[in-house]
Amino acid sequence: MAGTAVTLEHVGKTFADGTTAVLPLDLCVHPGELLGLVGPSGCGKTTTLRMIAGLESPDPGGRVLFDGVDVTRVPVERRNIGMVFQSYALFPNMTVAANVAYGLRARGVDRAERADRVAEMLALVHLEKLADRSPDQLSGGQRQRVALARALAIRPRVLLLDEPLTALDAKLRESLRVEMDRLLRGLGITTIFVTHDQAEAMSLGDRIAVMHRGRIAQIGTPREVYRNPADPFVADFIGTVNRLIGQVRDGMLLVEGGRLPFSGNANGQPCEVLYRPQDATLCEPGSGDLEGRVENVFFLGDRTRLVLSAAWGEAVVDTSRPLTAAKGDRIGLRIPAESLYRCP
């Protein structure tokens, strides 16, 4: 399967009742790319996916292009796309094999080729031995893989996934993310997936587009978006972030009850800076840049999370080092200047 470039030009959507779901936006998805549309409920990500699919028409003036060809008015059944929904939408009265073959049968593919393609797809998702079972005899993870096999069987130009892992438990979601990543990258098919789970978006996506109130707030690689968020909303949505408000003087950020190095260019001005929980190092009281009181300690297995409070505000700090601090203790923080950043 070869990847298809997907381009949105001034694509927006206002429904008949006057509700604007998506403000006019431009987006280019590269051939073979895995792009995640991520954001909170109601931000417009599913409506955007449905306009790419042809299930919704964009407002006048908006265009959807596949490899530079305008498909805005091409009906969904002629766009040659594969779709996997949150509910999987399997036919309960059909076997696994018949479900996978459904799209091929609808396209008039002959019986011999259908059988070959179904066998190929079931082998791809490791379900060969379950071909004759019905969907209600499968686990959630197996149903998800059947839905994926059915979407891929038609050899689509573009694969669209709408919250495909949401219905699964946390451990199964993690294992299937790894499996889907291997499968989709091996096929090289252009894939656009919608999720509200930032961990899912960051682990699967070559790039992620963070949506907020019907617009794309930022698009970039997971590392770019995490380390250089475009605005406070993105910083908050993609991971946990701490804030410090103070004033910059001579390379130092002065906050109530503390000071720390800061390389920003806001000398003499009020300033809000952000940093991630893992960027702060714990130390003895009085030996760091800041000092706070431990409000809570949470053991998370691979790390310990502390919640601190002080005159300068509150902070969440993650550490993988052995920790003896307990609720009520005073503790110091060191935060490297390069870990502090300002959102535009």
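The values are calculated or read from the model by the stated rules, or taken from the named source; none is laboratory data. Please read all numbers here as calculations on a predicted model, not as lab measurements. Methodologically, a virtual Cβ is constructed for each residue, glycine included, from the backbone with ideal geometry; neighbour enumeration extends over all protein chains shown.
In this structure, is GLY36 closer than 30 Å to GLN137 by Cα, surrounded by 14 or more Cβ atoms within 10 Å (Cβ to Cβ), touching a residue at least 60 places away in the same chain (Cβ under 8 Å) and not acidic (Asp, Glu)? Working first, answer last.
On the way: closer than 30 Å to GLN137 by Cα: no; surrounded by 14 or more Cβ atoms within 10 Å (Cβ to Cβ): yes; touching a residue at least 60 places away in the same chain (Cβ under 8 Å): yes; not acidic (Asp, Glu): yes.
No: the conditions fail for GLY36.
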Counting only strands (runs of 3 or more DSSP E) wholly inside the stretch 18-123, the ones holding at least 1 residues that are farther than 19 Å from THR190 by Cα and touching a helix residue (DSSP H, G or I) at 6+ places or on another chain (Cβ under 8 Å) are 20-29
Does ARG293 satisfy the criteria of being among the basic types (Lys, Arg), assigned to a strand (DSSP E or B), surrounded by fewer than 18 Cβ atoms within 10 Å (Cβ to Cβ) and not assigned by TED's automatic domain parsing to the domain that holds ASN228? yes
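Does LEU253 fit the bill of being of a type outside the set (D, E, K, R) and surrounded by 19 or more Cβ atoms within 10 Å (Cβ to Cβ)? Write out each step before concluding.
On the way: of a type outside the set (D, E, K, R): yes; surrounded by 19 or more Cβ atoms within 10 Å (Cβ to Cβ): yes.
In short, yes.
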Please state which of the following conditions PRO285 fails to meet, knowing it meets all the rest: (1) under 16 Å from the mean Cα position of the chain (by Cα); (2) not in a strand (DSSP E or B). (1)
Looking at the stretch 47-88, which of its residues are at pLDDT 95 or above and of a type in the set (S, T, N, Q)? THR47, THR48, SER57, THR72
Could you give me the residue pairs with C-beta distances under 9 Å whose first residue belongs to the stretch 251-264 and is modelled with pLDDT of 85 or more and among the acidic types (Asp, Glu), whose second residue is exposed (fewer than 15 other Cβ atoms within 10 Å of the Cβ) and not in a strand (DSSP E or B) wherever it lies, and which are 6+ apart or on separate chains? GLU256/ALA311
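Determine, yes or no, whether THR195 is crowded, with 19+ Cβ neighbours inside 10 Å, assigned by TED's automatic domain parsing to the domain that holds VAL158, under 22 Å from ASP67 (Cα atoms) and of a type in the set (Val, Ile, Thr). If you could, list the steps in order and put the result at the bottom.
Numbers: crowded, with 19+ Cβ neighbours inside 10 Å: yes; assigned by TED's automatic domain parsing to the domain that holds VAL158: yes; under 22 Å from ASP67 (Cα atoms): no; of a type in the set (Val, Ile, Thr): yes.
The answer is no for THR195.
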Would you check which residues across the stretch 311-344 are in contact (Cβ under 8 Å) with a residue 12 or more places away in the chain and polar (S, T, N, Q) and list them? THR319, SER320, SER339
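If we scan the stretch 269-278, do we find a residue that is within 20 Å of LYS327 (Cβ to Cβ) and free of Cβ contacts under 8 Å to residues at least 40 places away in the same chain? Outline the logic, then answer.
Filtering the stretch 269-278 for residues within 20 Å of LYS327 (Cβ to Cβ) gives 277.
Those still in the list that are free of Cβ contacts under 8 Å to residues at least 40 places away in the same chain too: none.
Scanning the stretch 269-278 turns up no residue that is within 20 Å of LYS327 (Cβ to Cβ) and free of Cβ contacts under 8 Å to residues at least 40 places away in the same chain.
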Given (1) under 26 Å from GLY332 (Cβ atoms); (2) in contact with a strand residue (DSSP E or B) (Cβ under 8 Å, 6 or more places away or on another chain); (3) of a type outside the set (Ser, Thr, Tyr), identify the lone condition not met by ASP279. (2)
Output yes when any residue across the stretch 107-116 is under 30 Å from the mean Cα position of the chain (by Cα), at pLDDT 90 or above and surrounded by fewer than 21 Cβ atoms within 10 Å (Cβ to Cβ), and no when none is. no
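May I ask you to verify whether ALA149 is in contact with a helix residue (DSSP H, G or I) (Cβ under 8 Å, 6 or more places away or on another chain) and at pLDDT below 85?
For ALA149, the condition - in contact with a helix residue (DSSP H, G or I) (Cβ under 8 Å, 6 or more places away or on another chain) and at pLDDT below 85 - is not met.
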Is at least one residue of the stretch 170-182 assigned to a helix (DSSP H, G or I), among the basic types (Lys, Arg), more than 16 Å from the chain's Cα centre (by Cα) and surrounded by 20 or more Cβ atoms within 10 Å (Cβ to Cβ)? no
Tell me, yes or no, whether the stretch 279-286 has at least one residue that is within 24 Å of VAL234 (Cβ to Cβ) and either of a type outside the set (D, E, K, R) or modelled with pLDDT under 90 (or both). yes
Where residues in the stretch 1-33 are farther than 28 Å from LEU152 by Cα and of a type in the set (Ser, Thr, Tyr), which of them is surrounded by the fewest Cβ atoms within 10 Å (Cβ to Cβ)? THR19
Flagged pairs (Cβ under 9 angstrom, 6 or more apart or on separate chains; first in the stretch 298-310, within 17 Å of VAL241 (Cβ to Cβ); second exposed (fewer than 11 other Cβ atoms within 10 Å of the Cβ) and of a type in the set (S, T, N, Q)) are ARG303/SER320
